[in-house]
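The values are calculated or read from the model by the stated rules, or taken from the named source; none is laboratory data. Not measured: the values here are computed from a predicted model. When we count neighbours, we look across all protein chains shown, and the Cβ atoms used for this are built from the backbone with ideal geometry, even at glycine.
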Amino acid sequence: MMADVKEKPHQLIASDRVEGTAVRRPNGERIGHIERLMIDKVSGKVSYAILSFGGFLGMGASLLPLPWARLTYNTKIEAYQLDIDDDELRRAPSFRADKDFDWGDRSKEIELHQYYGIPPYWGGF
């Protein structure tokens, strides 16, 4: 019989635990949740978090591809934190939940990184 082992905190998290996690502003206001992650097949690094926001019960939601480096995890509120105001959120490159982003178009990814002022995960700018 195994003794109860208290789980030690660690830096790793399974992708299915990230999906659905709340994304909040620094003041705690909920923006949306992480719909899915985009992972570079070659390097294995997370490149983007897809933020789902707006809509009602999944209808009319918008999906916002965020460079992973734009998010920080706040352990106190157990949510990802994104410092973004409503105007910046409205202007950000996004797509409807019933469509898909063209991940094969590098110019679209460059546009994302330029918008957020974050160097691309593949290097350069």
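Let me spell it out: the conditions are (1) out of contact with any Leu (no Cβ under 6 Å at 6 or more places or on another chain); (2) modelled with pLDDT under 85; (3) closer than 19 Å to ILE118 by Cα, and ARG91 meets all of them except one. Which number is the exception?
The one condition ARG91 does not meet is (2).
Only residues that are under 14 Å from the mean Cα position of the chain (by Cα), more than 26 Å from GLN11 (Cβ to Cβ) and not hydroxyl-bearing (Ser, Thr, Tyr): list them for region 72-94, please.
LEU89, ALA92, PRO93, listed by residue number.
When region 61-78 is examined, which residues are found to be buried (at least 16 other Cβ atoms within 10 Å of the Cβ) and assigned to a loop (DSSP other than H, G, I, E, B)?
If the condition is that a residue be buried (at least 16 other Cβ atoms within 10 Å of the Cβ) and assigned to a loop (DSSP other than H, G, I, E, B), then ALA61, LEU71 are the ones that fit.
List every residue pair whose Cβ atoms sit under 6 Å apart, with the two residues 6 or more apart in sequence or on different chains, where the first one lies in region 30-45 and is farther than 17 Å from TRP122 by Cβ and in a strand (DSSP E or B) and the second, anywhere, is modelled with pLDDT of 90 or more and small (Gly, Ala, Ser).
Here the result reads ARG30/ALA22; GLY32/SER52; HIS33/GLY20; HIS33/ALA22; HIS33/SER52; ILE34/ALA49; GLU35/SER52, each pair linking region 30-45 to a residue that is modelled with pLDDT of 90 or more and small (Gly, Ala, Ser).
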